[in-house]
Amino acid sequence: MKMDETNIAIIKQLRHGRKSFKKIAEQLSISENTARARVNRLLDEGVLEISARVDPEAIQEHRVVMVGVKLKTMHLVKKGEEFSKLKGVVSVSVVTGRYDLILVVLLNAGFGLLEFYTEEVSRIEDVQSVETFVVYKGYNLKVPYIL
């Protein structure tokens, strides 16, 4: 898909969450139908994905940890998909550096770190090592994307 100025402007309008087609159209001085058609095309072609973000700190009695995973295999994407299906896993990123994967995991009183490792991670083969980082405070920074 060709990314023109209007598509880029629409993506920037949606960067921080949902917005009505009417509001997008007003902001960009285009028709509401044009905004709707462009967003639908960006979605259909896989350029744009609209998703919700949850603030774990707003959920009472839950804790967020980040887990660095070092694997014994180079099948990083396949292993990332396996980890993404584990209970408590909010997101998985394939990364460079000391770890192969970084997980964001949501824990609660009935499902803690011990259960996550013994009941979930233990089922995945080729895990060489893990390191846990407890999140005391998170910040959702509104960093502008460069498009």
Next item on the list: Go through 26-38, 124-136, 79-91 and give me the packing order, highest mean Cβ count within 10 Å leading.
Entry: 79-91, 26-38, 124-136
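Pairwise over distinct Cα atoms, reciprocal of the mean inverse distance: report the Kirkwood radius of the chain in Å, one decimal place. Mind showing how you got there, number by number?
Details: mean 1/r = 0.0557 Å⁻¹.
After inverting the mean inverse Cα-Cα distance, the result is 18.0 Å.
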Next item on the list: State the extension gain, in nm to one decimal, for the chain segment bounded by residue 126 and residue 93, taking 0.36 nm per residue of separation less the distance between their alpha-carbons.
Entry: 10.2 nm
Check: Between residue 40 and residue 109, what length in nm is gained on full extension when 0.36 nm per residue of separation is reduced by their alpha carbon distance?
Finding: 20.7 nm
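Fewest first, what order do 48, 14, 114, 103 take by the number of other Cβ atoms within 10 Å? Kindly include the intermediate steps, with their values, before the conclusion.
Numbers: 48 17, 14 14, 114 9, 103 24.
By the 10 Å Cβ count, ascending: 114, 14, 48, 103.
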Notebook entry, point to check: Quick one: net charge of residue 112's neighbours, Cβ under 12 Å, K/R +1, D/E -1?
Noted result: -2
Next item on the list: For residue 100, enumerate residues with amide H under 5 Å from its amide H, sequence gap 5+ or separate chain, H modeled in the peptide plane.
Entry: 69, 70, 71
Notebook entry, point to check: Ordered by residue, what ³J(HN,Hα) values in Hz, to whole numbers, does segment 122-127 give under the Karplus form 6.51 cos²θ - 1.76 cosθ + 1.60, where θ = phi - 60° and Gly and Pro are x?
Noted result: 4, 7, 9, 7, 6, 8
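Readers should treat all values here as calculations from the given coordinates under stated rules, not as data from a laboratory. Bear in mind the structure is a predicted one, so any value in this text is a computation, not a measurement. Glycine also receives a Cβ, built like all others from the backbone with ideal geometry; neighbour counts cover every protein chain displayed.
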